[in-house]
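Worksheet for the structure shown next.
The values are calculated or read from the model by the stated rules, or taken from the named source; none is laboratory data. None of the values given here were measured: they were computed from a predicted structure. Reconstructed Cβ throughout: ideal geometry from the backbone, glycine too, with neighbour counts over all protein chains shown.
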Amino acid sequence: MTEQNKTVRILAIESSCDETAAAVVENGRKVLSSVIYSQIATHTLYGGVVPEIASRKHIEKISQVVECALSEAGMKLRDVDAVGVTYGPGLVGPLLIGVSAAKAMAWAADKPLVGVNHIEGHVAANFIEHPDLEPPFMCLIVSGGHTHLVVVEDYGRFRILGRTRDDAAGEAFDKVARSVGLGYPGGPKIDRAAKDGNSSAIVFPKAKVADSPYDFSFSGLKSAVLNYQNHARMTGETVVVEDLVASFQKAVVDVLVEHTVDAAREFGFKQVAMAGGVASNSALRAAMKKACDKKGISLYYPSPVLCTDNAAMIGSAAYYELIRGNVSGLDLNAVPGLKLGER
């Protein structure tokens, strides 16, 4: 186990989807460098991420991104104390590129290797910008692949209160954006378009899961949006895209906020954090802030660049794994279906 009063600098790698990222993070809180190569422009042509293309781009860019991160931190590979890497969940091809690169670097420099759960990384992004935030607290994790409401009991230890039963919130955003012609990535485009729309124009359903009050379900909402569009086409009605996406976004945000605040009240938490790409949504931030302020709850969330996939959050999570002695072997493999809390 690493001494907690020692300065520990971790080189972190993230490649779970379509961002090739590397960062150097000190003691889990201070970012010395963070470099992200985004493939959005490439995948926009196809309306979503193409795993094979993403893997090829990671192979092309990962060495350059790591070298750039080390250079910006003023360090060489030999100077870091450990190498952290996302090993799941995510797309298996992109994950394997990052894991393979991290294992090679750890072996070559004789440094500890720390495998990091990508979802845990999203939570840890809050530690970078909020030095006063310490477990325990509640966290809403909302991204393209995951929607979880969890209690962060300690660093790296989670108790899941609720999760999606079908589509993740970010997945619903992407599918609705595609259906109205906004394209990929759906989340930011709906966020922008909704600012010009009337969020009360259309009343969409908000699903409740009877036997689990903090679980989520967004497939019915997505279907309702598609049915609304189909009905409009058949009857010759005009669909005001801005109103439609604003109303859809409100239905998602209302459920996320209600579940989070209700759970915080039930379990007695006065600190709530948000994490994941959808946590950068302006409507969600505003609604959650208003609801938390009303209940006397302190709300935390990272800057947008730390909400989406990045390696700085992986470096933060890797530090807390390392100081607890959770070091991976060189047999570390990609686990595309890795669950939160699993190792």
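Residue 272 passes every criterion in (1) surrounded by fewer than 24 Cβ atoms within 10 Å (Cβ to Cβ); (2) in a helix (DSSP H, G or I) apart from (2). From the list 247, 280, 316, the one residue that fits, being over 22 Å from residue 161 (Cβ atoms), among the small types (Gly, Ala, Ser) and not assigned by TED's automatic domain parsing to the domain that holds residue 220, is 316. In the stretch 68-86, the residues that are among the basic types (Lys, Arg) form Cβ pairs under 6 Å with partners that are not in a strand (DSSP E or B), at six or more places apart or across chains, as follows: 78/109.
So which of 189, 195 ends up being of a type in the set (D, E, K, R) and touching a Leu at 6+ places or on another chain (Cβ under 8 Å)? Full working, then the answer.
Details: 195 fails: touching a Leu at 6+ places or on another chain (Cβ under 8 Å).
That would be 189, the only listed residue that is of a type in the set (D, E, K, R) and touching a Leu at 6+ places or on another chain (Cβ under 8 Å).
With the structure loaded, tell me whether residue 154 is under 29 Å from residue 133 (Cα atoms), free of Cβ contacts under 8 Å to residues at least 60 places away in the same chain, of a type outside the set (A, V, I, L, M) and loosely packed, with under 15 Cβ neighbours inside 10 Å or whether it fails that test.
Details: under 29 Å from residue 133 (Cα atoms): yes; free of Cβ contacts under 8 Å to residues at least 60 places away in the same chain: yes; of a type outside the set (A, V, I, L, M): yes; loosely packed, with under 15 Cβ neighbours inside 10 Å: yes.
For residue 154, the condition - under 29 Å from residue 133 (Cα atoms), free of Cβ contacts under 8 Å to residues at least 60 places away in the same chain, of a type outside the set (A, V, I, L, M) and loosely packed, with under 15 Cβ neighbours inside 10 Å - is met.
For residues in the stretch 72-121 being assigned to a loop (DSSP other than H, G, I, E, B) and under 26 Å from residue 301 (Cβ atoms), which is farthest from the chain's Cα centre (by Cα)?
If we filter the stretch 72-121 for residues that are assigned to a loop (DSSP other than H, G, I, E, B), which is where we start, we get 73-76, 80-81, 89-91, 110-112.
Now narrow it down to the ones that are under 26 Å from residue 301 (Cβ atoms): 73, 89-91.
Values: 73: 24, 89: 11, 90: 11, 91: 14 Å.
The selected residue is 73.
Pick out the one residue from 159, 165, 178 that is of a type in the set (Lys, Arg), closer than 23 Å to residue 309 by Cβ and modelled with pLDDT of 90 or more. Steps first, answer last, please.
On the way: 159 fails: closer than 23 Å to residue 309 by Cβ; 165 fails: closer than 23 Å to residue 309 by Cβ.
Criteria check complete, one pass: 178.
For the stretch 152-180, filtered to residues that are hydrophobic (A, V, I, L, M, F, W, C) and in contact with a helix residue (DSSP H, G or I) (Cβ under 7 Å, 6 or more places away or on another chain), the residue that is farthest from residue 232 (Cα to Cα) is 152.
Based on what the data block shows, is residue 6 of a type in the set (D, E, K, R) and at pLDDT 95 or above?
Considered against the rule, which asks whether it is of a type in the set (D, E, K, R) and at pLDDT 95 or above, residue 6 comes out as no.
The rows are residues; the columns are (1) more than 17 Å from the chain's Cα centre (by Cα); (2) farther than 25 Å from residue 131 by Cβ.
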position: 293; (1), (2): yes, no
position: 305; (1), (2): no, no
position: 315; (1), (2): no, no
position: 326; (1), (2): yes, no
position: 333; (1), (2): yes, yes
position: 340; (1), (2): no, no
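Annotation: of all residues in the stretch 30-71 being assigned to a strand (DSSP E or B) and either surrounded by fewer than 13 Cβ atoms within 10 Å (Cβ to Cβ) or not aliphatic (A, V, I, L, M) (or both), the one that is modelled with the lowest pLDDT is 38.
For residue 100, are the conditions met, namely being surrounded by 15 or more Cβ atoms within 10 Å (Cβ to Cβ) and of a type in the set (S, T, N, Q)? It is true that residue 100 is surrounded by 15 or more Cβ atoms within 10 Å (Cβ to Cβ) and of a type in the set (S, T, N, Q).
For the stretch 157-170, which residues satisfy the criterion of being more than 30 Å from residue 223 (Cβ to Cβ) and surrounded by 19 or more Cβ atoms within 10 Å (Cβ to Cβ)?
Our first condition is that a residue be more than 30 Å from residue 223 (Cβ to Cβ); within the stretch 157-170, this holds for 157-159.
Once the filter is applied, which keeps residues that are more than 30 Å from residue 223 (Cβ to Cβ) and surrounded by 19 or more Cβ atoms within 10 Å (Cβ to Cβ), the stretch 157-170 yields only 158.
So that you can scan it fast, the table gives a plain yes or no per residue for (1) surrounded by fewer than 22 Cβ atoms within 10 Å (Cβ to Cβ); (2) closer than 22 Å to residue 217 by Cα; (3) not polar (S, T, N, Q):
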| position | (1), (2), (3) |
| --- | --- |
| 117 | no, no, no |
| 142 | no, yes, yes |
| 174 | no, yes, yes |
| 194 | no, yes, yes |
| 197 | yes, no, yes |
